[in-house]
Amino acid sequence: MGLLRLISLATVCLCAIPLTEARDIVGAVNLDSYTLDKVAATHDVLVRFDRQHAYGDKEDVFKDLALKLRELETPETFLLAYVGVQEYQDKLNKAMAEERFGVSKADWPAYKLLLRSQPDAPLDYDGPVTVDALLSFLAEKAGLATAAGRSEL
């Protein structure tokens with residue numbers, strides 16, 4: 001087999017690898033338009049809507065929040081989740097984010113708190129994207145006991 005043919009074959013193989021897989025974040029659940037409703041029916045969920053492959057300081061804050069919530073041993077009825085929105089190819093979760101939750105690309109990352117007690121009224125988070133601010137929001141709105149804001153469960 002010639003070197004040029006081998007390089008062409010390797011290029012074809014690499015191009016066949018799907019690039020739509022979301023990166024796992026320890027302590028957070030990756031949801032889509034199908035699974036979000038199933039999870040929100042049984043859990044209080046703080047959902048972050050962001051690009052499919054988020055990166056940067058705000059992504060690092062989300063990862064730190066997931067670790068902090070694991071340390072705090074949140075109740076079984078609470079989950080941290082993220083929805084990756086795709087602007088290309090299949091436009092995965094784009095319609096749900098925009099039409100149902102009013103989240104556009106300009107809003108990313110956007111946080112919504114879905115409470116089982118108010119399934120049709122997600123709470124918008126519009127504060128700074130910091131771990132302490134998000135923990136305070138969760139203490140106030142979801143009743144979670146957090147280091148930033150103590151609350152009884």
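The values are calculated or read from the model by the stated rules, or taken from the named source; none is laboratory data. Predicted model, so just to flag it, every value in this text is computed and none were measured. Heads up, the Cβs are rebuilt from the backbone with ideal geometry, glycines too, and the neighbour counts pull from every protein chain shown. For accessibility, only protein heavy atoms count, side chains too; no ligands or nucleic acids. Shrake-Rupley method; radii C 1.70, N 1.55, O 1.52, S 1.80 Å.
Here are the numbers for the structure shown:
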{"quantity": "Separation of alpha-carbon centers, the stretch 111-132 and the stretch 53-93, rounded to whole Å", "calculated": "13"}
{"quantity": "Spin-label zone in the stretch 45-86 - amide nitrogen under 19 Å from a point set 7 Å from the Cα of TRP108 along the C-beta vector", "calculated": "47-64, 81-86"}
{"quantity": "Relative packing of 101-107, 128-134, which averages over residues the other C-beta atoms within 10 Å, highest first", "calculated": "128-134, 101-107"}
{"quantity": "Surface share of carbon and sulfur [accessible, 1.4 angstrom probe, percent] for the stretch 55-104", "calculated": "45"}
{"quantity": "Per residue solvent-accessible surface (Å²) - the stretch 49-153, probe of 1.4 Å", "calculated": "56"}
{"quantity": "Accessible-area value, TYR111, 1.4 Å probe, nucleic acids and ligands omitted, Å²", "calculated": "10"}
{"quantity": "Among 40-47, 51-58, the order from most to least packed when residues are scored by Cβ within 10 Å on average", "calculated": "40-47, 51-58"}
{"quantity": "FRET efficiency estimate (nearest 0.05) - Cβ-Cβ, GLU98 to ASP57, R0 22 angstrom", "calculated": "0.35"}
